[in-house]
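A short write-up of the structure that comes next.
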Amino acid sequence: MDELRFRRVHVAGAGTLLGAAVVGELEAAGHELLHATAPVDAIVHCPAPQPPGRLTHRRLGAHRRAEEARASALARDALVCGARLVHVGTAFAWGDHGSSWIDEATPQRPAPLGAGDLDVSRSLMALRRDSGLDVVFVALGLVYGP
């Protein structure tokens, strides 16, 4: 994260598998991890995993709406305190682009698993365009184990 320019960090979702891994890496790199109410330089959003069990359209829709609401709230917090928001999502929101490099300007063609993350990334990109939100996307292709 820019050679500790963003030293004071809050990790939303630190209790998830992905969030715990992010916390470990940030701590090892010398970042100061703080509670959400403390002044921070960066907020890292590690979304909650999909709910266990059979995913009906209703359950999946509720999960997607909850994640979008969390991301929106964190974005508002980042705007208020002038912090960078790092959204940790999946490459599924951008879909398959072969061997081409994918960045925020790449057209999104989401895979079915990425539909919820697509909504979050689009709303965050709109906030960057309209409100100047300092947002960075980390889109993981595949996560297995710790």
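The values are calculated or read from the model by the stated rules, or taken from the named source; none is laboratory data. This one's a predicted model, so the numbers in the text were calculated from it and none came from an experiment. Glycine also receives a Cβ, built like all others from the backbone with ideal geometry; neighbour counts cover every protein chain displayed. For accessibility, only protein heavy atoms count, side chains too; no ligands or nucleic acids. Shrake-Rupley method; radii C 1.70, N 1.55, O 1.52, S 1.80 Å.
Observations on the structure shown:
- Scaled to the globular estimate 2.2 N^0.38 Å, the Cα spread of the stretch 27-146, given as radius of gyration, is 1.11.
- Solvent-accessible area of the stretch 22-72 (1.4 angstrom probe, protein heavy atoms only): carbon and sulfur portion equals 57 percent.
- For ALA111 and SER123, the difference between the fully extended length at 0.36 nm per residue and the C-alpha to C-alpha distance is 2.5 nm.
- Entry note, the chain: the mean residue ellipticity at 222 nm calculated from DSSP H runs of n ≥ 4, each adding -39500 (n - 2.57), is -12500 deg cm²/dmol after division by the residues and rounding to the nearest 500.
- Along the chain, the longest continuous region that contains none of the GluC sites (Glu not before Pro) in a DSSP loop with at most 16 other C-beta atoms within 10 Å is 4-103.
- The trypsin sites (Lys or Arg not before Pro) of the stretch 42-146 meeting both criteria, a DSSP state outside H, G, I, E and B (loop) and at most 14 other C-beta atoms within 10 angstrom of the site's C-beta, are ARG54.
- In the full protein context, the chain carries 59 Å² of accessible surface per residue, based on a 1.4 Å probe and ignoring ligands, DNA and RNA.
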